[in-house]
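The numbers here are math on the coordinates, done by the rules we state, and not lab data. As the structure is a prediction and not an experimental result, all values here were calculated from the model. As a convention, Cβ positions derive from the backbone with ideal geometry for all residues, glycine included, and neighbour counts pool all protein chains shown.
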Amino acid sequence: MRTMKHFLKFSDFTLDEFQHLITRTKVLKQRFKQYIPYQPLTDRMLAMVFEKSSTRTRVSFEAGIYQLGGQAIHLDSQSTQLGRAEPIEDTARVISRMVDLVMIRTYEQTKVEAFAQHSRVPVINGLTNEYHPCQILADVFTFIEHRGDIAGKTVAWIGDANNMSYTWLEAARIFGFTLNVATPADYALAPERIAAADKAHLRTFADPHEAARGAHLVTTDVWTSMGYEAETEKRKKAFARFIVDASVMEVADKDALFMHCLPAHRGEEVSEDVLEGWQSVVWEEAENRLHVQKALMEYLLLGKVHA
Ligand code: CP
Ligand code: NVA
């Protein structure tokens, strides 16, 4: 029997597993584009638990499970007992007796880990304060789709040391690329979160232009992530220099792509002309959430399918 797997952080999967997911994503995306039905998850039920807002994650998981023949239940903390302090462990034990798969978006990573520990079914991290593995899976796929192998390339991260940047760092180690990170000094990556094995893949900079120099992909994210809204005004001042604009893209590789997980704040972390410019693949990136997560759900429920 296959052992049950969760996808709580990027490093839960091996390169071999990611290569399988990328191959499957290509197959599933092509079927979707050609209106070829593929429903291996008939009668399978996905529970989606949202303790933070979402557009892309909600739509891509819900549309994805339906397209694969399954169904989804949407839960949030306001309308469930989670908002009235029912322990996450009890919630996990109950929900996982009734569904086949769970996706959770919440605050602390420890909450998805506690859920997974008490779950009878696979659990997917749909974003925590610490990680956003589904997004980086879509981003790596999008890069490979446009430019081929990501191994040996350079990805420049401009902005906050947040859930996205830490997940990029995990991906750099697994896929073998370099991550250049430029953050304001007070918002740098925490040394205790940089594993020894990550160090060979990480270069840190004080200046966004230096981080972007020669990069094959330039990427950023909001200055204030969900849950940190009280810091918004302070962050606006600290991050003012950390905008990805034409001058940043100018020093990157001539074929550099621009990505942003979205939602974007035009004129803050990215200029309008870069977001809407020829190097930007943000809409394909968003669409690919659907395709990679269909491959992910298929893998977690059925293992390595080759059909
Ligand atoms: N990128 C992303 O996860 O978007 P949502 O917050 O809309 O789900
Ligand atoms: N870093 C952002 C990503 C949103 C998809 C946040 O956590 O709010």
| Share of Cα-Cα pairs in the chain beyond 30 Å, in percent? | 31 percent
| message | List the lysines whose Cα sits under 19 Å from the Cα of Lys111, skipping any in the same chain fewer than 8 residues away. | response | Lys5, Lys9, Lys52
| Environment charge of Trp157, counting only residues whose C-beta is closer than 12 Å and scoring Lys/Arg +1, Asp/Glu -1 | -3
| field | Gained length - Glu210 relative to Glu89, 0.36 nm times residue gap less alpha-carbon distance | value | 39.0 nm
| request: Please identify, among Ala230, Ala72, Ala206, the residue showing maximal mean-square fluctuation in a Gaussian network model of the chain using a 10 angstrom Cα cutoff. | output: Ala230
| remark: For Phe115, the net charge from surrounding residues (Cβ-Cβ under 10 Å; K, R +1; D, E -1) works out to 0
| Charge tally in the Cβ shell below 15 Å around Ala211, where Lys, Arg are +1 and Asp, Glu are -1, Ala211 excluded | -4
| task | Please give the length that would be gained between Lys304 and Ser53 if that part of the chain were fully extended, namely 0.36 nm times their separation in residues minus their C-alpha to C-alpha distance (nm, one decimal). | result | 87.2 nm
| task | Normalise the Cα radius of gyration of the stretch 1-137 by 2.2 N^0.38 Å (N = residues in it) and let me know the number. | result | 1.05
| request: Could you list the chymotrypsin sites (Phe, Trp or Tyr not before Pro) in the stretch 236-307 that lie in coil according to DSSP, counting only those with at most 12 other Cβ atoms within 10 Å of their Cβ? | output: Trp278
| message | Quick check: the angle from helix 163-175's long axis to the longest principal axis of the chain, C-alpha only, nearest 10 degrees? | response | 90 degrees
| request: Pull up the DSSP beta bridges for the stretch 141-257 and report the antiparallel fraction as a percent, rounded to 5. | output: 0 percent
| query | For Lys304, which aspartates and glutamates qualify as cross-link partners when the Cα separation must be under 19 Å and same-chain residues fewer than eight apart are set aside? | reply | Asp12, Asp16, Glu17, Asp100
| query | What aspartates and glutamates sit close enough to Lys294 to cross-link, taking a C-alpha to C-alpha distance under 13 Å and skipping anything fewer than 8 places away on the same chain? | reply | Glu62
| task | Would you work out if the stretch 208-289 is rounded, prolate or oblate? Take a ≥ b ≥ c from the square roots of the eigenvalues of the alpha-carbon gyration tensor; rounded if a/c is under 1.5, else prolate when a/b is larger than b/c, oblate otherwise. | result | oblate
